[in-house]
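Scroll down for the structure; my scribbles are underneath it.
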Amino acid sequence: MNYTQSKDQLLSLIREGGKLDTISQVKLAALLSFPSMLAQMVHILMQYIDASMVGSLGARASASIGLVSTTIWLFGSLCSAASVGFYVQVAHKIGASDFVGARQVLRQSFLACILFALVLSGIGISISSYLPHWLGGGEDICRDASLYFMFFSMCLPFSMLNSLCAGMLRCSGNMHIPSLLNMGMCLLDVVFNWLLIFPTRTYQWSMVNSQWSISIPGAGLGVAGAVLGTAIAYAICSGLMCYFTVVRSKELSLRQDSDTLTSSIRRFIPQLSTLRESIRIALPIAVEHVILCGAQIVSTLIVAPLGTVAIAANSFGITVEALCYMPGYGISDAATTLVGQSLGAGRRLLARSFGRITLSMGMGMMTLMAVVMFTTSPALMTLMTPDVDVQRLTVEILRIEAFAEPMFAASIVCYGIFVGARDTLIPCTMNLTSIWVVRIVLAYFLASTMGLRGVWIAMAVELCFRGIIFLIRFRGDGWLKKFSQK
């Protein structure tokens, strides 16, 4: 039995009330987690290559991207939050075997999400020339930072479409198509960046009695080329993701519904009930991301006066740390699908069991990756930047952060579990309280005496605290009760 048949058979047991023993649950969790984990790992590898390309241009280029990275995360996460509000509904309807209802939600999500992304894009473009100055950047990096953020804002509709369709496919149980497409997007990103960041260059090598050379074309756009390459890759991937969702998906293909052209177009208009449920799920997440990113921006303001080396090291540290936590997000995606479909089928005990399994997988995997990060960070940094001072400082902060990764895993996977149960308000509040009360306060006091190391010590302490309070909530029943409260 191949991967797809085995996965589909086990998922059908959830919907049909079939028995799933512990081994079958672990197998299903693994089948859903590993494709997403692999895609996340490839994505991080591509980020490393991307960062090393920009890093080769010098510390200023890296710092210009690092300066606006938290605001980029805010805009991207708002797109993600909007899509969550719709694809969680799809997971519940598929769990209840209501495939027609799932496709109705899918239709309505397109118009609502794209309009939202266009509004965000307009806001981003309008503030792009002012943002680096607001964040305290020096004149030597503000121009590149402004260009980077402007081009990023232009591609937000593609980012939204990619996030929405990937979430829809994952919640239907199809993890491998989003994973493969996102891997392809990362590869395209590297290729386009290679062509757009650097100028045309010639490589030469000698062989016996002959000399060979090859010319590689390049646009020489520097930092702007990095974001343009990413935008083109997103555009291609989002188109393919949409195709596999609305045409090829067994559960979600819109070709299964026989409508006239007029009625089909009308069904794309969001209905009040669908929007209300989407807002109920997504609004706490969106508010959390806004306030959380506000905290990240405050962190950037704390780091910015520490100098260009600190800004660049902080940016590289965030990129390299993703080596640890992206597998956790892959498992969290699987947890949302499994818990959502289980509760949609009315199987609360099964939902809790899947929660325990995915939580154990996430903590185990991220602990292993923390060991890898601790031991390999010096070698990674020599590949990513030639600046010795940036290398040294980044390795130090990464080794501080490695000790917090198991508890970070607990918070990531628990969050995915709670989202699958429509429980978003309290977990969002927990996240915000943790980062503002623990991380920001500690970072403010430690930065003045310990510099960037103090900021990352504060981050590590906060992540441990956050993981503990999420584990406490998971042990209770409050998150399960939220599902019945519509």
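Restricting to segment 372-405, name every residue that is of a type in the set (S, T, N, Q) and without any contact (Cβ under 8 Å) to a residue 40 or more places away in the chain.
T375, T376, T382, Q391
A313: in contact with a Ser or Thr (Cβ under 7 Å, 6 or more places away or on another chain), in a helix (DSSP H, G or I) and not basic (K, R), yes or no?
yes
So, restricting to helices (runs of 4 or more DSSP H) that lie completely within segment 139-235, which ones have at least 3 residues that are among the hydroxyl-bearing types (S, T, Y)?
139-154
Given the residues M407, M450, M430, which is the only one that is within 16 Å of L283 (Cα to Cα), at pLDDT 90 or above, over 18 Å from the mean Cα position of the chain (by Cα) and among the aliphatic types (A, V, I, L, M)?
The match here is M430.
With G76, G101 as the choices, which residue is in contact with a helix residue (DSSP H, G or I) (Cβ under 9 Å, 6 or more places away or on another chain), without any contact (Cβ under 8 Å) to a residue 12 or more places away in the chain and surrounded by fewer than 21 Cβ atoms within 10 Å (Cβ to Cβ)?
Only one candidate qualifies: G101.
Do we find that L393 is under 21 Å from L32 (Cβ atoms) and either at pLDDT 90 or above or surrounded by 15 or more Cβ atoms within 10 Å (Cβ to Cβ) (or both) in this structure?
no
Which of (1) surrounded by 15 or more Cβ atoms within 10 Å (Cβ to Cβ); (2) in a helix (DSSP H, G or I); (3) not charged (D, E, K, R) is the odd one out, the single condition P270 does not satisfy?
Among (1) surrounded by 15 or more Cβ atoms within 10 Å (Cβ to Cβ); (2) in a helix (DSSP H, G or I); (3) not charged (D, E, K, R), the lone unmet condition for P270 is (2).
The rows are residues; the columns are (1) at pLDDT 90 or above; (2) of a type in the set (V, I, T); (3) part of a helix (DSSP H, G or I); (4) within 22 Å of A334 (Cβ to Cβ).
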{"residue": "L67", "(1), (2), (3), (4)": "no, no, yes, no"}
{"residue": "T71", "(1), (2), (3), (4)": "no, yes, yes, no"}
{"residue": "S109", "(1), (2), (3), (4)": "yes, no, yes, yes"}
{"residue": "G122", "(1), (2), (3), (4)": "yes, no, yes, no"}
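Under 8 Å between Cβ atoms, which residue pairs at least 6 apart in sequence (or on different chains) link something in segment 210-238 that is closer than 28 Å to I72 by Cβ with a partner that is at pLDDT below 80 and charged (D, E, K, R)?
From segment 210-238, the pairs are G218/R201; A226/D50; T230/D50.
State whether the residues of segment 85-98 include one that is at pLDDT 85 or above, within 27 Å of V298 (Cβ to Cβ) and surrounded by fewer than 21 Cβ atoms within 10 Å (Cβ to Cβ).
Scanning segment 85-98, I find no residue that is at pLDDT 85 or above, within 27 Å of V298 (Cβ to Cβ) and surrounded by fewer than 21 Cβ atoms within 10 Å (Cβ to Cβ), so the answer is no.
Report whether or not R422 is within 22 Å of T367 (Cβ to Cβ) and buried (at least 21 other Cβ atoms within 10 Å of the Cβ).
no
Within segment 333-356, which residues are among the charged types (D, E, K, R) and touching a helix residue (DSSP H, G or I) at 6+ places or on another chain (Cβ under 6 Å)?
Within segment 333-356, D333, R348 qualify.
Can you tell me which residue among V413, V441, V461 is aliphatic (A, V, I, L, M) and surrounded by 23 or more Cβ atoms within 10 Å (Cβ to Cβ)?
Answer to the check: V413.
Checking L398 against (1) in contact with an Asp or Glu (Cβ under 8 Å, 6 or more places away or on another chain); (2) more than 30 Å from L338 (Cα to Cα); (3) surrounded by fewer than 21 Cβ atoms within 10 Å (Cβ to Cβ): exactly one of these is not met. Which one?
(3)
Determine whether segment 412-428 contains at least one residue that is among the hydroxyl-bearing types (S, T, Y) and free of Cβ contacts under 8 Å to residues at least 12 places away in the same chain.
no
So how many residues does segment 1-21 have that are at pLDDT 80 or above, touching a helix residue (DSSP H, G or I) at 6+ places or on another chain (Cβ under 9 Å) and assigned to a loop (DSSP other than H, G, I, E, B)?
3
Is at least one residue of segment 281-302 over 30 Å from T424 (Cα atoms) and touching a residue at least 40 places away in the same chain (Cβ under 8 Å)?
For segment 281-302, residues over 30 Å from T424 (Cα atoms) and touching a residue at least 40 places away in the same chain (Cβ under 8 Å): absent.
The values are calculated or read from the model by the stated rules, or taken from the named source; none is laboratory data. Given the structure is predicted, the values throughout are model-derived calculations rather than measurements. Cβ atoms come from the backbone with ideal geometry, glycine included; neighbour counts cover every protein chain shown.
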